[in-house]
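Here the structure is laid out as structure tokens; the discussion comes afterwards.
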Amino acid sequence: MLKIKRTIIFGILLLLVVVSNAQQSRVTAAYTFLQQNKLDSAKANIDAAVVFPETQVDGQAWYIRGFIYKEIYKSYSKSSSSFDVTYTPENSGTAQNSNVPVGWSYSFSAKKGASLYISAQVTKGNMVTAIIYVNEKIYKKITSTGNFVIATVSGSLEMDADVKYVVSENENTSFAPLYTRKEPNDARLEALLSFRKSLKVDTSAENGRENIKNIKYLATTLYNDAAASLDTIDFKIAIRDFDTFREYYFLVDPSKENFKQKEIDFANAIAAVYTRIYDGDKKGKIDFLALAKASYNTALELDPNNISANYNMGILYYNQAVNLINQSDYDLDIVALNDVQDNSINLFKASLPFMEKAYSLDPNKRETLLGLSGIYFSLNEKEKSNEFKQKLEKIGK
Amino acid sequence: MKKLLLIFVSAILLSSWVVVVPDQSEEANAKIKAIYIYNFTKYIEWPAAYKEGNFVVGVLGTSAPLVAELNKMASSKTVGTQKFEIISVSTPSESAKCHIVFILSDNSSQLADVLGKVKSKSALIVTDKSGLATKGSGINFFVDGNKQKIELNRLNIEKYKLKVASTLVEMSVQVK
């Protein structure tokens, strides 16, 4: 009985050694493939290795995994230059009042493995139908009633493809320049996760240094991608990238104070994007006005003396008040006109403290003087308005 | 990396200043006055002889935003079957051909001259300076609590054979 028991225990130990060796050999193989730049094989081996409980707590294995995914991300980034985009206007001048007529198309070639993200901003008109062709076959037909047409070809292309995007069935549509981009692949995130895991399971100084260095590099790429995506179409990507950047930045530098300026800059920048979206369609995109205000508030909570946030918040309220009046119909009766005036006065008054704050922080900024002059003029305080106008003229001299 | 971060920060700072102030305050003020003026044409009735031809609104003084706003109104609105015609009045004598004469605040001193030129006509005199409703104008714009309001002198309107609806009287500050 004792002999059987010993045999079982020995068997278990042997199995553990074999399994351990198996997972260790996979890590070794992954490393070898990495050195040979055979990234697909390196990835397959390291992914197979890290499922083992022993590897879960092996800082070195996670570091290698992070490195492999980092290299995959880098090779992916390099390949984006082969993502050839061409602008092909066709059939121009067939529609009235249209910058981009029916039949206008945009084509580009995409490489195997690429992900597609195609978007267009409708700057005029309310509806557009876009047809996406992949290799001369209709891939997708999208009708949009909003300001944007966005199409995503899910997954990645299984072959090199010529993609053509055609505007049809609408005669009063103008497009902002259409463009494509590849959705960032998951490799960067996987790399970051792996380096973080390695940091967690191996707290040695050397391991920490190497992991931090790589996290810093990848986080920087996220930061820059966020900046590059700060426009009216890709702003959600910008937010996502910045959020991820923030998450990993704190591993590199846990000081919230050091991160504050980046947070303020991003809040200001995304608020400016929201403002542009709202300005493009004041009725349809009214939600973006609130988002813009919320973002400027975020910046001001972090730094009440931020000139840009104060100024732009003032302008948001100011423009909202002016628009309220300018959008009124001439048919408005006097009672309703009184209501419009009441509401606009409240908005002008709301803009005033922000603009005054911006003025106190930089009394010689032309835009602020112009803003204050305009606000006081609208509040029918002509003397104060002239006071700022004169200051503006002095600066101009 | 530092270089990359700097590039990013400067891009953001630039974009956050992109929102420029369009100086629209004068336009907004002009819009309010244009809405009022259009309301006057709905609540005041001119004699039959004045219901033919164009409905002439003369502006005495210089205000490009106001003239632009009135022209915008003229392009989309009418007074009954009459089309609006917006003219710049350079001398008080030109007021005689107007249904409405709007004397801007800087030209308020010309009120008496204008009144002399229109006394045998049916014109609504609109002014834009405190106290002028007691000095001959029919309707005067004034500011109360940051708000543009109107004061109305019924006698100064009716003596030019114009009929003013009680609704407009009620919505105005009455001056005698």
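The values are calculated or read from the model by the stated rules, or taken from the named source; none is laboratory data. It should be emphasised that the depicted structure is a prediction, and the values quoted were computed from it without experimental measurement. Every residue, glycine as well, gets a Cβ built from its backbone with ideal geometry; the counts of neighbours run over all protein chains shown. The area values use the complete protein model at the heavy-atom level, side chains included, leaving out ligands, DNA and RNA. Shrake-Rupley method; radii C 1.70, N 1.55, O 1.52, S 1.80 Å.
Being of a type outside the set (Val, Ile, Thr), open to solvent by 10 Å² or more (accessible area, probe 1.4 Å) and more than 13 Å from chain B (Cβ to nearest Cβ) is true of A:Lys285.
For A:Lys293, the requirement of being in contact (Cβ under 8 Å) with a residue 40 or more places away in the chain and more than 12 Å from every other protein chain (Cβ to nearest Cβ) is not met. For region B:155-174, a residue qualifies if it is buried (at least 19 other Cβ atoms within 10 Å of the Cβ), away from chain A (no Cβ under 11 Å) and farther than 20 Å from B:Lys51 by Cα, and exactly one does: B:Asn156.
Can you tell me which of A:Leu347, A:Leu316, A:Leu300 is under 16 Å from A:Ala269 (Cα atoms), among the aliphatic types (A, V, I, L, M), surrounded by 18 or more Cβ atoms within 10 Å (Cβ to Cβ) and more than 8 Å from every other protein chain (Cβ to nearest Cβ)? I'd like the intermediate steps shown before the answer.
Values: A:Leu347 fails: under 16 Å from A:Ala269 (Cα atoms); A:Leu316 fails: more than 8 Å from every other protein chain (Cβ to nearest Cβ).
Result: A:Leu300 is the single residue among A:Leu347, A:Leu316, A:Leu300 that is under 16 Å from A:Ala269 (Cα atoms), among the aliphatic types (A, V, I, L, M), surrounded by 18 or more Cβ atoms within 10 Å (Cβ to Cβ) and more than 8 Å from every other protein chain (Cβ to nearest Cβ).
Out of region A:383-397, which residues are open to solvent by 20 Å² or more (accessible area, probe 1.4 Å) and part of a helix (DSSP H, G or I)? Correct list: A:Glu383, A:Lys384, A:Asn386, A:Glu387, A:Lys389, A:Gln390, A:Lys391, A:Leu392, A:Glu393, A:Lys394, A:Ile395, A:Gly396. Of everything listed in (1) open to solvent by 20 Å² or more (accessible area, probe 1.4 Å); (2) in contact with a helix residue (DSSP H, G or I) (Cβ under 7 Å, 6 or more places away or on another chain); (3) of a type in the set (Ser, Thr, Tyr); (4) at the interface with chain B (Cβ under 10 Å from one of its Cβ atoms), the single unmet condition for A:Tyr217 is (2).
Would you check if there is a residue in region A:324-343 being farther than 30 Å from B:Lys77 by Cβ, in a helix (DSSP H, G or I) and more than 9 Å from chain B (Cβ to nearest Cβ)? No, region A:324-343 has no match at all. Within region B:53-79, being part of a loop (DSSP other than H, G, I, E, B) and in contact with a Ser or Thr (Cβ under 9 Å, 6 or more places away or on another chain) holds for B:Gly61, B:Thr62, B:Lys77.
Filtered by the rule that a residue be within 19 Å of B:Asn153 (Cα to Cα) and within 14 Å of chain A (Cβ to nearest Cβ), region B:23-67 gives B:Lys33, B:Tyr36, B:Ile37, B:Tyr38, B:Asn39, B:Phe40, B:Thr41, B:Lys42, B:Tyr43, B:Ile44.
Provide a single number: the residues in region A:350-382 that are of a type in the set (D, E, K, R) and open to solvent by less than 50 Å² (accessible area, probe 1.4 Å). The qualifying residues number 1.
Matching residues to (1) modelled with pLDDT under 85; (2) surrounded by fewer than 17 Cβ atoms within 10 Å (Cβ to Cβ):
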| residue | (1), (2) |
| --- | --- |
| A:Glu190 | no, no |
| A:Leu199 | no, no |
| A:Asp202 | no, no |
| A:Gly208 | no, yes |
| A:Lys213 | no, yes |
| A:Ser229 | yes, no |
